[in-house]
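K.L.:
Dropping the structure in here first, questions after.
The values are calculated or read from the model by the stated rules, or taken from the named source; none is laboratory data. Keep in mind that this is a model prediction, so the values were computed, not measured. Cβ: placed from backbone, ideal geometry, glycine included. Neighbour counts: every protein chain shown. Keep in mind that these areas ignore ligands, DNA and RNA; they rest on the heavy atoms of the full protein, side chains included. Shrake-Rupley method; radii C 1.70, N 1.55, O 1.52, S 1.80 Å.
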Amino acid sequence: NPEPVACELIETYADEVVFVDQGLRKNSTAVLADRSVTSYALGAPQSLGTPYDNPVVPASFFSLGFPLQGNTAESVLSFNDNVVVNGPGLDLKLWEVTGGTSYPDEQVDVYVGDTAIGPWTLVGDNVTRDAELDLGSVTEASYVRIVDASNLALFEATADGYDLDAVQALNCVVPETD
């Protein structure tokens, strides 16, 4: 097995959405169209990694929504150019968008797996904002499942859950091709 290395920038970010079950806004209406384009969660982030993103770049992230009326408010992303590996330090980074200067923390549970349908291993519980995670007992993963776990009571009626800008592999290997 190749040793894990810091990923080349072009290989660093999730590059395919393989499953989505977007939730709803707190008031049970659909998430706005410019926050519902799944591909906005792919590739490099448009946010800067600061606690508050001002101004919020429009059409640059995917809102998971809240798990209401049977929706699971989740997305599964894959890394086609690389495999996230458990290397030195933290292994995976989520980039999230939060506007304004004061806003309740949107939370997600983060799972990794080898296939688009699991089995899944929880690597981050109630993760907030931009977060770096360790794969823990997992050796490597090609898929990341992100599920909104926000406390609905904290938000105003039009809130729409965790706003995912990007998922980044901090340690990876590029699979050998035949």
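K.L.:
Identify which of the listed values of semi-axes √(5λ) of the Cα gyration tensor in Å was calculated from the structure shown: [x] 41, 15, 14; [y] 23, 21, 15; [z] 27, 16, 14.
P.N.:
The value computed from this structure is option [z].
K.L.:
Hey, what do the phi angles of segment 140-146 turn into as Karplus ³J(HN,Hα) couplings, whole Hz, using 6.51/-1.76/1.60 and θ = phi - 60°, x for Gly and Pro?
P.N.:
7, 8, 10, 10, 10, 10, 10
K.L.:
Pull out the extension gain between Ala157 and Glu132, defined as 0.36 nm times the separation in residues minus the alpha carbon to alpha carbon distance; nm, one decimal.
P.N.:
6.1 nm
K.L.:
Which residue, chosen from Leu152, Cys172, Tyr111, occupies the Cα position most advanced towards the positive end of the dipole of segment 28-178, where the dipole is computed from +1 (Lys, Arg) and -1 (Asp, Glu) charges on Cβ about the Cα centre?
P.N.:
Going by the charge dipole, the pick is Leu152.
K.L.:
Output wanted: per-residue J couplings in Hz (rounded whole) for segment 17-24, from phi through Karplus 6.51 cos²θ - 1.76 cosθ + 1.60, θ = phi - 60°, x for Gly and Pro.
P.N.:
Once θ is set to phi - 60°, the couplings for segment 17-24 become 9, 9, 7, 8, 9, 5, x, 10 Hz.
K.L.:
Moving to a separate point now. Please report the carbon-and-sulfur percent of the accessible area for segment 99-141; probe 1.4 Å, protein heavy atoms only, DNA, RNA and ligands left out.
P.N.:
Of the solvent-accessible surface of segment 99-141, carbon and sulfur hold 47 percent.
K.L.:
Counting only the backbone N, which residues of segment 124-155 are under 16 Å from the spot 7 Å out from the Cα of Leu90 toward its beta-carbon?
P.N.:
Only 124-136 pass the distance filter.
K.L.:
Would you please state which residues of segment 46-65 a label at Thr29 would reach in this model, taking the label point 7 Å out along Cα→Cβ and a backbone N cut-off of under 19 Å?
P.N.:
Taking a point 7 Å out along Cα→Cβ of Thr29, the residues of segment 46-65 whose backbone N falls under 19 Å are 59, 63-65.
K.L.:
Skip the ligands, DNA and RNA, and give the accessible area per residue of the chain with a 1.4 Å probe, whole Å². Show your work: numbers first, answer last.
P.N.:
Numbers: 8350 Å² over 178 residues.
Dividing the accessible area of the chain by its residue count gives 47 Å².
K.L.:
Further question on the same structure: Please list, in chain and number order, the residues 5+ apart from Gly124 or on another chain whose amide H is under 5 Å from its amide H, with Hs placed from the backbone.
P.N.:
Placed amide hydrogens put Val110 under 5 Å from Gly124.
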